[in-house]
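> Before we start, here is the structure in question, set down as structure tokens.
Every number in this text was worked out from the coordinates using simple rules, so none of it is lab data. Because the structure is a prediction, the values reported are computed rather than measured. Counting neighbours? That spans all protein chains shown, and the Cβs are built from the backbone with ideal geometry, glycine included.
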């Protein structure tokens, strides 16, 4: 299998400068650099479209792509939190059917206790090897 050629950012920027500063044609500049003309054409298009971000390297995001990625991560996190609160509210509603609270604060405290003590204590966590906190602590104590 033929090894695919990879060019440095500096080489690509220099090739584009041959066209923009010296006014050479794509086919002439490509021939002098030993590149296929389609490759140089793609580099010129990328440079015109993305400017200084055009040759950032494989797997690197533009600032706009990075912002979009981070926002998608935040949306995912918020959706997970919303699902947790929805489950907690449904469970909490079943537990307190007919129960009267003296104040809104008492209801909030009861919900907080449920989430912190029961739900978070029973819910598995990816950071703890997909174990509930109590199981994770028990394993840590066995190892120590």
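> Could you calculate the FRET efficiency of residue 50 with residue 130 from 1/(1 + (r/R0)^6), where r is the beta carbon distance between them and R0 is 35 Å, rounded to 0.05? Write down the numbers at each step before the final one.
Working: r = 40 Å, r/R0 = 1.15.
The value I calculate is 0.30.
> Let me know the shape class of segment 64-144, please: from the alpha-carbon gyration tensor, a ≥ b ≥ c as square roots of the eigenvalues, rounded when a/c is under 1.5, otherwise prolate if a/b is greater than b/c, or oblate. Before the final figure, lay out the partial values.
On the way: a/c = 3.00, a/b = 1.19, b/c = 2.52.
Oblate is the answer for segment 64-144, as a/c is 1.5 or above yet b/c matches or exceeds a/b.
> Same structure, new question: Helix-only mean residue ellipticity at 222 nm, the chain, DSSP H runs n ≥ 4 weighted -39,500 (n - 2.57), per residue, nearest 500. What is it?
Numbers: 6 runs with 90 residues, N = 144.
It lands at -20500 deg cm²/dmol.
> Could you give the angle, 0 to 90 degrees to the nearest 10, between helix 104-113's Cα long axis and the longest principal axis of the Cα atoms of the chain?
70 degrees
> With a ≥ b ≥ c the root eigenvalues of the C-alpha gyration tensor of segment 1-47, is it rounded (a/c under 1.5), prolate (a/b larger than b/c) or oblate? Mind showing how you got there, number by number?
Numbers: a/c = 2.01, a/b = 1.55, b/c = 1.30.
Prolate shape, in that a/c is at least 1.5 and a/b is the bigger ratio.
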